[in-house]
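See structure below.
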Amino acid sequence: MSSVVNVAIHASQSPENVRRDLLASLRTRRVNHKFHYDSIKQTQKWLALHQIYSPTRNNADCLAVYEKSFAAAAQIPSPRVHVIGLGCGGGQKDTRLLKLLRATGKEVSYTPCDVATAMVLVARQTALAVVPEENIFPFVCDLAWEGRHVADPDLFGTAARRPSHDAARLITFFGMIPNFEPQEILPRLASLLRPDDWLLFSANLAPGADYAAGVKQILPQYDNAPTREWLLTFLLDLGVERGDGEIQFRVKDDAASGLKRVVADFHFSRPRRIEIEDERFDFASGESIRLFFSYRYTPDRVRAALAQHGLEVREQWATKSGEEGVFLCGKR
């Protein structure tokens, strides 16, 4: 195994664009989620948090739901499959999918893609247990970037080494949709899919027949000490002190999408100035900055949202608790 790893980095994660996005986050008081994965320290805290609270780590039913979805995806009628893991995280789910694809006799290649280089490297290392290193193409990219070409369907073939051009493409998007504005991410996903591509993604769901009650029920999954510590890291690294305020979680309605989401805001109880080179951002006592949000869907809401962008659900699976769903989709 080579001691050198080739990682392709898209312009969306160039230093000047990352700096621009950071300044915009502080200026608008709405933190771009990518800055919670920016450092190795943050990546480690997120992975630890994921280990504790992710249903796929501690819920047998949730694991079974994902395995069923992987088994269905493995039936893609092509001898070669290129898996593109958008928001790959640690790559555990992608690797289980890759293993099942290989078990059916398919030749597989893998592009782990994330905004954090550390995440991409972790996912690559995880996938090496299943896929040879010459078939893995690590790619750092900000899917939400407003610049050109991020929504280009050929984007994930631009790494220095290309996967087989005739491989079927299976795009995964696990646990990511809740952290994007629906009106921004869904058209982008639709534009990334070619007519014969497949999309396998998961969504956090609100359990039960009462949507509002279901969203309140899952609030403790976010309002807990490990999540607070992970989110607070962003501010601490910028010079904010723990005594400057506190993180508060609440459920809010989003008029644009008709969905509800969990929002985490840091409320300042005393003034604080943040300096980024020659830029200064003053936060007064009583001000707040949004650190995080997570939308909650239902299966019907997922189908309706996708349909608006020419995507349809071919198969779907949900946990018995009703808190997690996996959807296999294609172009309509």
**Prompt:** If contacts are Cα pairs under 8 angstrom and at least 6 residues apart, what is the relative contact order of region 211-296 in percent?
**Reply:** 26
**Fill in**
Neighbours of Y37 by Cβ distance under 12 Å: Lys/Arg at +1, Asp/Glu at -1, summed charge 0
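Quick check: net charge around A74, other residues with Cβ under 10 Å of its Cβ, Lys/Arg +1 and Asp/Glu -1? It would help to have the intermediate numbers written out before the result.
Values: positive: K99, R102, K106; negative: none.
Spelling it out: positives minus negatives among the neighbours equals +3.
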**Complete:** Here the FRET efficiency for A103 versus A60, based on Cβ atoms and R0 = 22 Å and rounded to 0.05, is 0.60
**Message:** Taking the 0 to 90 degree range and rounding to the nearest ten, how far is the long axis of helix 117-127 tilted relative to the main principal axis of the chain, both from C-alpha atoms?
**Reply:** 30
**Prompt:** Restricting to the chain, what percent of DSSP beta bridges are antiparallel, rounded to 5?
**Reply:** 60
**Fill in**
Between F180 and residues 5 or more places away or on another chain, the pairs with built amide H atoms under 5 Å apart involve Y295
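Let me check against my output: what whole-number percent is the relative contact order of the chain, with C-alpha pairs under 8 Å and at least 6 apart?
Relative contact order comes out at 19 percent.
Within a 10 angstrom radius of the beta carbon, how do H10, H50 rank from fewest other beta carbons to most?
Values: H10 21, H50 17.
Listing H10, H50 from fewest to most nearby Cβ atoms yields H50, H10.
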**Prompt:** Over the alpha carbons of region 211-296, what is the largest minus smallest coordinate on each principal axis, giving the biggest first in Å?
**Reply:** 45, 29, 21
**Request:** Note down the nm distance, to one decimal, between modelled labels 7 Å out along Cα→Cβ at E16 and at S191.
**Result:** 2.2
**Request:** Calculate how steeply helix 40-53 sits against the longest principal axis of the alpha-carbon atoms of the chain, using the helix alpha-carbon long axis, and give the answer as 0 to 90 degrees to the nearest 10.
**Result:** 80
**Asked** Which one of G286, N59, F249 has its Cα pushed farthest toward the positive end of the charge dipole of the chain, where Lys and Arg give +1 and Asp and Glu give -1 at the Cβ?
**Response** N59
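What's the exposure ranking of D254, D94, D210, going from fewest to most Cβ atoms within 10 Å? Could you put the intermediate results ahead of the total?
Working: D254 15, D94 28, D210 11.
Listed from fewest to most nearby Cβ atoms, that is D210, D254, D94.
Tell me, what does the Kirkwood hydrodynamic radius of region 1-108 come to in angstroms if you use every pair of distinct C-alpha atoms?
Details: mean 1/r = 0.0590 Å⁻¹.
For region 1-108, inverting the mean 1/r across all distinct Cα pairs yields 17.0 Å.
Under 14 Å from the Cβ of K106, count the other residues' Cβ atoms, weight Lys and Arg +1, Asp and Glu -1, and hand me the total. Walk me through the numbers before you get to the answer.
Details: positive: R80, K99, R102, R169; negative: E107, D166.
Surrounding charge for K106 is +2.
Tell me the GluC sites (Glu not before Pro) within region 242-332 that lie in a loop according to DSSP and have at most 10 other beta-carbon atoms within 10 Å.
Values: sites: E246, E275, E277, E279, E287, E312, E315, E323, E324; in loops: E277, E287, E323.
Passing both the DSSP loop test and the Cβ count: E277.
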**Request:** Per DSSP H run of at least 4 residues, take -39500 (n - 2.57); add these up for the chain, divide by its residues and hand me the 222 nm value, nearest 500 deg cm²/dmol.
**Result:** -10000 deg cm²/dmol
**Prompt:** Which residue, chosen from Q75, C141, H267, occupies the Cα position most advanced towards the positive end of the dipole of the chain, where the dipole is computed from +1 (Lys, Arg) and -1 (Asp, Glu) charges on Cβ about the Cα centre?
**Reply:** Q75
**Message:** Output the 0 to 90 degree angle, nearest 10, between the alpha-carbon long axis of helix 182-192 and the longest principal axis computed from the alpha carbons of the chain.
**Reply:** 30
**Request:** Could you pull out the pairs from K216/K320; K93/K252; K68/K93 whose alpha carbons sit more than 22 Å apart here?
**Result:** K93/K252
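Please order V326, V240 by the number of other Cβ within 10 Å, starting at the fewest. Before the final figure, lay out the partial values.
Details: V326 25, V240 19.
Result, fewest neighbours first: V240, V326.
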**Asked** Relative to the present Cα-Cα distance, how much length would full extension add between D300 and V4 at 0.36 nm per residue of separation?
**Response** 102.0 nm
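Read the figures in this text as sums done on the coordinates, not as results from a lab. Since we're looking at a predicted model, the values are computed, not measured. Methodologically, a virtual Cβ is constructed for each residue, glycine included, from the backbone with ideal geometry; neighbour enumeration extends over all protein chains shown.
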